[in-house]
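Q: Right, I'll just put the structure down here and ask away after.
The values are calculated or read from the model by the stated rules, or taken from the named source; none is laboratory data. What you see is a predicted model, and the numbers here were worked out from it, not measured in a lab. Using ideal geometry, Cβ is built from the backbone for each residue, glycine included, and neighbour counts are taken over all protein chains shown. Ligands, DNA and RNA are stripped out before the accessible areas are found, and what is left, the full protein with its side chains, is counted by its heavy atoms. Shrake-Rupley method; radii C 1.70, N 1.55, O 1.52, S 1.80 Å.
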Amino acid sequence: MANNAPLKRVGTHNGSFHCDEALGCFMIRLTDKFCNAEIVRTRDIQVLEGLDAVLDVGGVYDPIQDRYDHHQKGFDEVFGHGFFTKLSSAGLVYKHFGKEIIAKELQVDEGHPDVHRLFLAVYKSFMEAIDAIDNGINQFDTEKPPRYLNNTNLSSRVGRFNLDWIDPDQSPEKENEAFQQAMSLAGHEFLDSVRYHAKSWLPARSIIEECLAARQDSDPSGEIMVLNRFCPWKLHLLELEEEMKIDPLIKYIVYQAVAVSPDRFESRKPLPSQWRGLTDDELSREVGIPGCVFVHMSGFIGGNRSYEGALAMAKAALKL
């Protein structure tokens, strides 16, 4: 039976726009409640009061009334779950509707544990930066000016859809057309992030969890993990070690030494200094294990022609 209910109307401000309300408007239209809602761009309070939802304008945060502004004095809402960045309008929409959107993408119920995992992961890797940039929060705790400009982030690219001051057509229609383009860009990058986490990040997490559980099968110390199938592992390893209360922590992965954090090459236990920079037969003689290929000068990675040789190298390195 056809649904003849009128479309809902979602309001945001007119004039210059930012990534947060463009993305917020895109996301809220993915929900059952506001599916394909009409976007109304105005600052007229009387018009806004008559709309079904309002984002980034109006001075009210009240999810019961579907009001999602973050500019008012005293607003200090955060995502929670260990995150403390003040939310933008996009963050507010994600906080209240993100699980529904992710559950639809995964085609599971909202209560499925994978929904909660992706809800947190997408906030951490995608949404939090949009909240922080919109609220003027620096990425680093320093007063020094940045060494270079970065205008390639999503917030900057959305901002460039605003009408140029030299454009002869500054009409509301032209502005709304630009806002629709901004919504499309921000929304598709959001969905790309959700889909990456669903199709790549989540399966990799399961592999690392299995390998961690089986770590003592390779070496009784429990400090060597064999990665039985290559996948992105750094972030998962750190999170799963904490969740699974792994002690002692993993020192070596066969295939790669373990970084302290996902974006650094600082190892917990670099391969021995006397091995570093050596290759092939010279390395094999020094290590006392045949088939050695190389050890990087920094000690963060080494190789052997066989799995057995690589595992033997890791076991020997633990003792040095």
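Q: Restricting attention to region 85-106, does a residue exist that is without any contact (Cβ under 8 Å) to a residue 12 or more places away in the chain and either more than 30 Å from residue 175 (Cα to Cα) or open to solvent by 50 Å² or more (accessible area, probe 1.4 Å) (or both)?
A: Narrowing region 85-106 to residues without any contact (Cβ under 8 Å) to a residue 12 or more places away in the chain: none.
No, that holds for no residue.
Q: Also, quick follow-up: Going residue by residue through region 59-67, is there one that turns out to be among the hydrophobic types (A, V, I, L, M, F, W, C), part of a strand (DSSP E or B) and at pLDDT 95 or above? Lay out the reasoning, then the answer.
A: Step one: list which residues in region 59-67 are among the hydrophobic types (A, V, I, L, M, F, W, C), which gives 60, 64.
Retained after the next criterion (residues that are part of a strand (DSSP E or B)): none.
No, region 59-67 contains no residue that is among the hydrophobic types (A, V, I, L, M, F, W, C), part of a strand (DSSP E or B) and at pLDDT 95 or above.
Q: Residues 213, 182: which one is out of contact with any Leu (no Cβ under 7 Å at 6 or more places or on another chain) and at pLDDT below 95?
A: 213
Q: Looking only at region 125-138, count how many residues are surrounded by 15 or more Cβ atoms within 10 Å (Cβ to Cβ) and part of a helix (DSSP H, G or I). Reasoning before the result, please.
A: Step one: list which residues in region 125-138 are surrounded by 15 or more Cβ atoms within 10 Å (Cβ to Cβ), which gives 126-135.
Going one step further and asking which of them are part of a helix (DSSP H, G or I), we end up with 126-134.
Adding up the residues that qualify gives 9.
Q: Restricting to region 68-84, give me the number of residues that are in contact (Cβ under 8 Å) with a residue 24 or more places away in the chain and in a loop (DSSP other than H, G, I, E, B).
A: In the first step, residues of region 68-84 are kept if they are in contact (Cβ under 8 Å) with a residue 24 or more places away in the chain; the result is 68, 70, 79, 81, 83.
With the extra rule that they be in a loop (DSSP other than H, G, I, E, B), the set shrinks to 70, 81.
Residues flagged as in contact (Cβ under 8 Å) with a residue 24 or more places away in the chain and in a loop (DSSP other than H, G, I, E, B) within region 68-84 amount to 2.
Q: Kindly list the number of the only condition in (1) closer than 16 Å to residue 19 by Cα; (2) open to solvent by 50 Å² or more (accessible area, probe 1.4 Å) that fails for residue 142.
A: Only one criterion is unmet by residue 142, namely (1).
Q: Could you please give the count of residues in region 271-286 that are open to solvent by 80 Å² or more (accessible area, probe 1.4 Å) and over 17 Å from residue 319 (Cα atoms)?
A: Residues that pass the stated criteria total 3.
Q: I'm trying to understand the selection: among the residues of region 107-152, which are in contact (Cβ under 8 Å) with a residue 24 or more places away in the chain and closer than 11 Å to residue 198 by Cβ? Before you say what the answer is, go through the steps one by one.
A: Taking region 107-152 first, the residues in contact (Cβ under 8 Å) with a residue 24 or more places away in the chain are 114, 117-118, 120-135, 137.
114, 117, 118, 121, 122 - these are the residues of region 107-152 that are in contact (Cβ under 8 Å) with a residue 24 or more places away in the chain and closer than 11 Å to residue 198 by Cβ.
Q: Still on this model: Among the residues of region 178-188, count how many are open to solvent by 20 Å² or more (accessible area, probe 1.4 Å) and either in contact with a Gly (Cβ under 6 Å, 6 or more places away or on another chain) or over 18 Å from residue 104 (Cβ atoms) (or both).
A: We begin by selecting, within region 178-188, every residue open to solvent by 20 Å² or more (accessible area, probe 1.4 Å); these are 180-181, 184-185, 188.
Still in the running and either in contact with a Gly (Cβ under 6 Å, 6 or more places away or on another chain) or over 18 Å from residue 104 (Cβ atoms) (or both): 180-181, 184-185.
Total satisfying the criteria: 4.
Q: If I filter region 153-169 down to residues being assigned to a loop (DSSP other than H, G, I, E, B) and of a type in the set (A, V, I, L, M, F, W, C), which single residue comes out as farthest from residue 23 (Cα to Cα)?
A: Going through region 153-169, the residues assigned to a loop (DSSP other than H, G, I, E, B) turn out to be 153, 160-169.
Subsequent filtering for residues that are of a type in the set (A, V, I, L, M, F, W, C) retains 161, 163, 165-166.
Working: 161: 13, 163: 18, 165: 24, 166: 26 Å.
Among those residues, the one meeting the criterion is 166.
Q: Restricting attention to region 4-30, which residues are surrounded by fewer than 18 Cβ atoms within 10 Å (Cβ to Cβ) and either among the hydroxyl-bearing types (Ser, Thr, Tyr) or at negative phi (or both)?
A: Here is the first cut: in region 4-30, the residues surrounded by fewer than 18 Cβ atoms within 10 Å (Cβ to Cβ) are 4-7, 9, 14-16.
Scanning region 4-30 gives 4, 5, 6, 7, 9, 14, 16.
Q: Does region 275-291 contain any residue that is of a type in the set (D, E, K, R), modelled with pLDDT of 90 or more and under 19 Å from the mean Cα position of the chain (by Cα)?
A: Of region 275-291, the ones of a type in the set (D, E, K, R) are 276, 280-282, 285-286.
Filter once more, keeping what is modelled with pLDDT of 90 or more: 276, 280-282, 285-286.
Within this subset, residues satisfying the condition of being under 19 Å from the mean Cα position of the chain (by Cα) are none.
Within region 275-291, not a single residue is of a type in the set (D, E, K, R), modelled with pLDDT of 90 or more and under 19 Å from the mean Cα position of the chain (by Cα).
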